[in-house]
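Student: Got a structure for you, written out below as structure tokens; questions coming shortly.
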Amino acid sequence: MITAPRSIRIWACPEPVNMRKSFDGLLAEARQRMGRDPLAGDMFLFVARDRKQARVLYWDGTGLVIIAKRLEKGRFNAPWEGDRKKPWCLTPSELSLFLEGSRLVGHFEVSPPPLRLGSQACSNIP
């Protein structure tokens, strides 16, 4: 279980990622593919091409942290399926559901958007 404040944004990479990548490789993926800086406090979700492995990268204030999960049965949802050119933006609850194997995450709003002042709110469904 990943505990994070409701205000944190979690970005899912819209393309499959080589799971041999570690801290620096995933940091570069977040910057290049998603145009975001992991050191700003957001979390980043990466999924392998075969959808059996996923990794979450985040900055905890003192260093980078990677959480990895490999499924023994089934597959993770694929952020790159469908007409998606931008990363998914998930809530911490949606990330937990995703890592548990939910197929709804990314296809339907399963959490209300966080209350944000200004234009920083993210929406996945057009």
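The values are calculated or read from the model by the stated rules, or taken from the named source; none is laboratory data. Because the structure is predicted, anything quoted here is derived from the model rather than measured. In this analysis, Cβ positions are derived from the backbone assuming ideal geometry, glycine residues included, and neighbour counts consider all displayed protein chains. Accessible surface areas use protein heavy atoms only, side chains included; no ligands, DNA or RNA. Shrake-Rupley method; radii C 1.70, N 1.55, O 1.52, S 1.80 Å.
Student: Would the range 75-85 turn up any residue that is under 22 Å from residue 5 (Cβ atoms) and either crowded, with 17+ Cβ neighbours inside 10 Å or more than 12 Å from the chain's Cα centre (by Cα) (or both)?
Tutor: no
Student: How many residues, within the range 86-116, are modelled with pLDDT of 70 or more and at positive phi?
Tutor: 1
Student: Give the residues of the range 29-44 that are free of Cβ contacts under 8 Å to residues at least 24 places away in the same chain and open to solvent by less than 40 Å² (accessible area, probe 1.4 Å), sorted by residue number.
Tutor: 29 - this is the single residue of the range 29-44 that is free of Cβ contacts under 8 Å to residues at least 24 places away in the same chain and open to solvent by less than 40 Å² (accessible area, probe 1.4 Å).
Student: Among the residues of the range 12-27, which ones are more than 24 Å from residue 72 (Cα to Cα) and open to solvent by less than 40 Å² (accessible area, probe 1.4 Å)?
Tutor: Within the range 12-27, 25, 27 qualify.
Student: Can you spot a residue in the range 45-66 that is part of a helix (DSSP H, G or I), on the phi < 0 side of the Ramachandran plot, open to solvent by 50 Å² or more (accessible area, probe 1.4 Å) and free of Cβ contacts under 8 Å to residues at least 24 places away in the same chain? Steps first, please.
Tutor: The first filter runs over the range 45-66 and keeps only residues part of a helix (DSSP H, G or I), leaving none.
Checking the range 45-66: not a single residue is part of a helix (DSSP H, G or I), on the phi < 0 side of the Ramachandran plot, open to solvent by 50 Å² or more (accessible area, probe 1.4 Å) and free of Cβ contacts under 8 Å to residues at least 24 places away in the same chain.
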